[in-house]
Each structure stands twice: as C-alpha cells, then as structure tokens.
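Below is one structure, written out as structure tokens; the observations come after it.
The values are calculated or read from the model by the stated rules, or taken from the named source; none is laboratory data. Note that the coordinates shown come from a computational prediction; the quantities given were computed from them, not determined experimentally. Because the Cβ atoms are built from the backbone with ideal geometry, glycine has one as well, and the counts that use them run over all protein chains shown. Ligands, DNA and RNA are excluded from the accessible area calculation, which covers all protein heavy atoms including side chains. Shrake-Rupley method; radii C 1.70, N 1.55, O 1.52, S 1.80 Å.
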Protein chains: 2
Amino acid sequence: MRIAQVAPLYERVPPLYYGGTERVASYLTEELVDQGHEVTLFASGDSLTKAKLVSPCAQSLRLNPNCVDFLAYHVLQLEQIFQQAHLFDIVHFHIDYFHYPFLRRQDIAHVTTLHGRLDMPDLVPLYREFCDMPAVSISDAQRTPLAWIDWRGTVYHGLPRNLYRFNKQQGKYLAFLGRISPEKRLDRAIEIAKRAKMPLKIAAKIDAVDRCYMEKEIRSLLDHPLVEFLGEIDDGSKSDFLGNAYALLFPIDWPEPFGLVMTEAMACGTPTVAFRRGSVPEVLDDQISGYVVDDVEQAVEALKAIRHFDRARCRRVFEERFSVRRMAQDYVKIYQRVIDGRVRAHSTPARQSGAIVPRRDEIAAKGNGAPLAAAGCAANLSP
Amino acid sequence: MRIAQVAPLYERVPPLYYGGTERVASYLTEELVDQGHEVTLFASGDSLTKAKLVSPCAQSLRLNPNCVDFLAYHVLQLEQIFQQAHLFDIVHFHIDYFHYPFLRRQDIAHVTTLHGRLDMPDLVPLYREFCDMPAVSISDAQRTPLAWIDWRGTVYHGLPRNLYRFNKQQGKYLAFLGRISPEKRLDRAIEIAKRAKMPLKIAAKIDAVDRCYMEKEIRSLLDHPLVEFLGEIDDGSKSDFLGNAYALLFPIDWPEPFGLVMTEAMACGTPTVAFRRGSVPEVLDDQISGYVVDDVEQAVEALKAIRHFDRARCRRVFEERFSVRRMAQDYVKIYQRVIDGRVRAHSTPARQSGAIVPRRDEIAAKGNGAPLAAAGCAANLSP
C-alpha cells in the first residue's frame, strides 16, 4: 500500500524529548515500512525515518529559537501533501482538523487520528460541520464528547517490542513520570506514597505554563524523606526508571485520551495504579497489567496487592495489546476499508463505533491467569 | 460588485478595543456597502455591520474566556467561505496566508491584504511556494522582505471622514498612543519630551508579554513631572487625546507596516514626529503632515518647527490620502483587475509593484504649501 503519514512539525519524528503524537507517528511509520508498505512521512526535516521524508522545514519547530510562526510551516506542509496526494492510496493525518476544508474538495482517500482531548466546547461547532471526516480515536473514552462524528475505529497506541526492557524483578520505589501540571495530580501521587510509606521517584518536566503551579502547589510537598525529584529524564533512561519501579502511579484528574506511559510501564512488567478517568479502564486490564482505582484509599490498597503481582503476565498483555505490530495492522485494516469504501463509491458505515483491536474485556474474559496464548496470539508472546 | 470580506475572528469587526486588522476590515466593509456594492462579511458573530454577516462563532475570540482553541473557528470560517464562494465576484482575505493551499485548488477570484510585518524568516519558504497568490501591501516598505511575490498594489489604510474631529487649535502636550513594547520605544518619547521640556501624556496598553519590559525599562521613567501615564483609553477618547495634542510622538524602532495612529492624528490636524522606519516616510508628508526624523536631536528640532504648523493643511492631506472612500475605491480597482485578469484567462502582470494610490512623492512634488486642490481632488477636501 502507498501510505502517507502526516505528523505535526513541532517535534522531530521521533521526538528528542516530549511529544506523544510525533512519537506514535514515528512508531507507526517505521513499522509500516517494515511490514512492506511504501511510506512517505510528512514531518520536520530533522526526522529520522526509513520512509521517504518530505518536509517544509529543516528543523522541528518547538526547539528552534529562530522559529516564531509555527502555522506558516503547517500551511506549507499542507501544500506539499496536496501536490503529492495522487501518489498515495491513503493519507493518514495526525494534525487534528487543520486539513478538513481542503479534503472536502479533494479526491483523496484519507483518515485522521485524533490525538488530543476532545472535550473542549470550541470543537463542537467545528465537528458539527466536519462530522463526515473519517476519524480514528485512540481510546473509546476519548470519543465521548464527539460520539457522533464518523469514527472508523479505535486504535490503541503501540510500542516497538524492544523499546522497553522487561524486568522480572519487582522494584522497591513508586514512579511518577510525566508533566507537572494540575491534571496529572503529582500531589495525589505524593499522598499515596506517604500513606503507603513507600519511596516515590518523580521524573517530570515542567512546562512554562505550569511553573506557577509547581511553585505554589508542589514545591513544598517535595521536601519529604520519601520523595525524590529527578527532573526531566531522557528517553533512554525511561526503561530503567519504569522497569526498576514497584509500580507506576498515574493518579490523573482529566479525561486522558490514551496515556502512553501506562503501556511503557507495562512493557517493563511494571503495574500502573491509575485513577478511573478517560482511557484508563480501557488501557489497563484491572489486576493484570495495573489497578484502576477511584481514590487514594484504593490506591494504597492496590499497592499492597501488587506485592504478588505477576510481572511476566503484565509484559504479555503489553505484547498482546500494545505492540506496534498490532497498531500498524489495525491501521492498515482501516486504510483498506476507507479505500474500498471509495472504490465501491459508497462510504463505510459511518458512526459505527466498533473497534477492531483486542479489548480489555476480551482479554479479561479469559479470567485471571488464563494463558493468553489461548487467545490465538501465541506468535506475539515472548517466552 | 458582489464582494466577500474575510476578517480574523480575534476581535469584533470593528474591535471593541485593540485590533488594527479588524478595524480596517470594518471601515472598508461599511464603505463598500455605502458605495453600492453587495458585501458579505465573514467575521465574528458580535460584529456590527451593514453587510451580510456570516460567522462561525457568536463572539469574537480574544476576549471570550471560554475559548481556548482559536484555530478551530478559523478552519470553520474557511469552510463557510468555500461553501458560498460561488456567490461572490471577489473574495478579499485579511487573514494572512491560512487559505492559500485552498485557493490553489478552487476557482475563486481572490486577493489578500497582508496586514503584518513580513520580515520573519519563517515566511520566506511559505511565500516561495505561494508567490503567485495575489497580494496587497499596506505600504511599499512592508513589501521589502518579500518584494518578489505577486503584489497587485499598495493600498494605504483609510479612516471614515468623521471618525476623528479636526481641531484647528494647537495643543500644549505631546501624545504617545499605542502599546508599551520595546519596538514602540516609549523610552525615546520620554527622552524627547524631557529634552524639549514639554509635557508628555501617554495612553498605552500593556500586553501580558510586555509586562516585564514595562516594569524593568519603563516604570521608573514615568516618575517625572513632565510625564503623565493615562493607561489604555477607549476609541471614543482618542479624538480628544490626539486632537488636543501639540504633536504625536512615534519614535518606533521596528519596520512598522503602516501605523494607523499617524493617520488618526492627521485627521485631527495634529502632526506626528516619527522615526524613519518602515512605512513612516510613505505615510507622513514630511513637514506637511508630520516630521520624519532619524534621532532624538532631530525630533526635538522638529518640535520647535511645529510651532508654525498648518493644522488645516494636515487635515486636508488626511482627506486626500487616507479617507476610507479612497481606500475602498483603490480596492475596487484591484478587485476589477483581478476579475478581468481571470476573465481574460491570463493573470494581471505579476510582480508589478505600482501602487494606484496617491503617493507621498506625488503630493510632495507640489512643493511646500502648494494647494492640494491642484492635485485634482478638491471634491474630497473639507472647507
């Protein structure tokens, strides 16, 4: 299949530091190449890829001090895409909604993965107009505010198999990894650690917008013998940081659309204790790859239960549900459906919310400890 | 002529407070209606107009606390324009470059006025691609960094004739009106006032981004018996503030693309003492409607010369060169050329930089004190 992947230009693909969308676009692009597809990646010029790279800018924008007008490059990127669109069987957009009015008027097979939260009122009038644009969600929960648009499936993010090392040994500290921002609730993580009397290591970046929150709400909480603040860590250190942990704390307070870090921990064999918001109950198999809780009390209880946690099974769930191979296969199925729909000159049934990926409940239905190989996916399982 | 005007959605058209682009779009729209054209205004829903209003949002965006995603509404606005484009003879965009990839692929007669500074390196690759998009500059100087794109003319901004009251009486204070920001150089204005031993009244707003500059560089300078800081004033107060002044100080340090405030002062009969940057030498007729200077020394000298300034002649220059009637007529000529060029199936000669509005040098050539009526524009002159 001749596939175009369209990534935002803010970060390199893959990103040097933060950047979930560009990271997933990179994993997907490289895997599609590996699976034999002819892939063109529209992304910043410093991106690293086995695909053909087409770029409107030599450097990614966020860390380029000379760049002040981000939109200019995204407009130029659109032009590059439209000039080459006839070369592709499908164009897969990861840039939100910017391209919609164009696609209305172009004969291009396309699909858009929405990577962000969708509960902003500003999006309602936009999507009322563009409810016919074929879209992919990254969790079912993400769809809730815009349940009525033309969803073609949910595709959970996948990670390259060897990106994170499995660690069969249970660690002794709790981990917090992410941004320090009100919706991530580091304060809750600290409270959980204190109540559980366990050390907490915090690897977190602080965006400019969150500096005030950090100083006012968080700084004083860090001054505690159980709490260690490491600052931002790079990608290479994440595997050790997560793999050596007893558990990852994810006590969020917002409708998380996916939560990549839960799958990163899972890949290391480390369980996540997460609050029931957004995608959490879909991404975590409760008591298998993590614990879905409703309050601090339950989180502390979960930490006790984790003493007997099966880290190898957790890793198997990761390989079953969150491998990049599975993600790419899911997308190719959706691409094919979009293409077929156009060829048959009638569109694939819209507003049909059936995801085509293995779901939490499908796996959970096998019962605790049931061999995942029974699901017919032994080929994917690590020994 | 069936004309669409496309304004940004940040401010109401006309704006409640700040907002040069929306202000000019409003003046132009209302005048085109008055001149008998059938005009549709694409703008925020709270805009006030005699034209037909089409809007993707009930309220303008900047002052709407519920609005976080500005781009969503601009994408929706584009869709609205494209759905109605067949109804217009010409679509006139005031929203920078956002629409270019669309227009490449649509059969729409269009022209875009570029309202901002064009000297950002980010714009070069964009306009290298889109050098064929018909554009209008608001001064010749504005074009310099992108001299090679398809300019169809320079149209200086125009103001409604009665928006600012002419005051034949020379005032006693110097005026500074605008933002407090490094490129506006309020510090220089204060230095000029002190050197000239004249009182300076400052009517200025402070953007969030400039608050640090205000505190570090400006605050201490305000503590001087000659200096009075009024804060931000509303539109209704501007006529008195400018009209009662001895002179407006405009000691800028950036490539000002137009500088509306110079024409506002001119309308009141008040001369501007301005530094020779960007559009200044084009907008001001030196020693007739203002004084173009190169340093503080020259500014102080100019203030002495202004003692004998002919305020009535200054007002006549305003009416001659910066009336909204003239602006609208200039634009209609450009619209007609764009339409004719399409009808003849070959485009109007590109990269031809001839402005069609009366220029500073045309008027200056008449010599100091020569009656402007000699230029054949007596009908425009106030008694």
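A compact table of results
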{"item": "Pick from the range B:86-108, criterion surrounded by fewer than 20 Cβ atoms within 10 Å (Cβ to Cβ) and over 19 Å from A:His74 (Cα atoms), ranking: nearest to the other protein chains (Cβ to nearest Cβ)", "result": "B:Gln106"}
{"item": "Matching residues, the range A:131-143, being outside any strand (DSSP E or B) and either under 21 Å from A:Leu28 (Cβ atoms) or in contact with a helix residue (DSSP H, G or I) (Cβ under 9 Å, 6 or more places away or on another chain) (or both)", "result": "A:Cys131, A:Met133, A:Pro134, A:Ile138, A:Ser139, A:Asp140, A:Ala141, A:Gln142, A:Arg143"}
{"item": "Residues within the range A:228-253 that are part of a strand (DSSP E or B) and crowded, with 16+ Cβ neighbours inside 10 Å, tallied", "result": "7"}
{"item": "Residues of the range A:52-78 satisfying the condition of being at the interface with another protein chain (Cβ under 9 Å from one of its Cβ atoms), modelled with pLDDT of 95 or more and not in a helix (DSSP H, G or I)", "result": "A:Pro56, A:Cys57"}
{"item": "Qualifying residue in the range A:24-42 (condition: within 14 Å of chain B (Cβ to nearest Cβ), more than 19 Å from B:Phe102 (Cα to Cα) and either of a type outside the set (A, V, I, L, M) or open to solvent by 30 Å² or more (accessible area, probe 1.4 Å) (or both))", "result": "no"}
{"item": "Number of positions in the range A:180-215 that are of a type in the set (D, E, K, R) and touching a residue at least 60 places away in the same chain (Cβ under 8 Å)", "result": "7"}
{"item": "Test result for A:Pro121, out of contact with any strand residue (DSSP E or B) (no Cβ under 9 Å at 6 or more places or on another chain), at the interface with chain B (Cβ under 7 Å from one of its Cβ atoms) and open to solvent by 10 Å² or more (accessible area, probe 1.4 Å)", "result": "yes"}
{"item": "Conditions (1) farther than 24 Å from A:Pro160 by Cβ; (2) modelled with pLDDT of 95 or more; (3) open to solvent by 10 Å² or more (accessible area, probe 1.4 Å); number of the one not met by A:Gly354", "result": "(2)"}
{"item": "Search result, residues across the range A:7-22 that are open to solvent by less than 10 Å² (accessible area, probe 1.4 Å) and touching a His at 6+ places or on another chain (Cβ under 7 Å)", "result": "A:Ala7, A:Leu9"}
{"item": "Cβ-Cβ under 8 Å pairs, at least 6 apart or on other chains, the range B:75-99 side over 17 Å from B:Phe130 (Cβ atoms), far side open to solvent by 20 Å² or more (accessible area, probe 1.4 Å) and of a type in the set (Lys, Arg)", "result": "B:Glu79/A:Arg104; B:Phe82/A:Arg104; B:Phe82/A:Arg105; B:Leu87/B:Arg2; B:Phe88/B:Arg2; B:Asp89/B:Arg2; B:Ile90/B:Arg2"}
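Here's the yes/no breakdown for (1) assigned to a strand (DSSP E or B); (2) open to solvent by less than 10 Å² (accessible area, probe 1.4 Å); (3) touching a Cys at 6+ places or on another chain (Cβ under 8 Å); (4) of a type in the set (Asp, Glu):
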site: B:Arg117; (1), (2), (3), (4): no, no, no, no
site: B:Tyr127; (1), (2), (3), (4): no, yes, no, no
site: B:Pro145; (1), (2), (3), (4): no, no, no, no
site: B:Ala175; (1), (2), (3), (4): yes, yes, no, no
site: B:Gly178; (1), (2), (3), (4): yes, no, no, no
site: B:Ile192; (1), (2), (3), (4): no, yes, no, no
site: B:Ala203; (1), (2), (3), (4): yes, yes, no, no
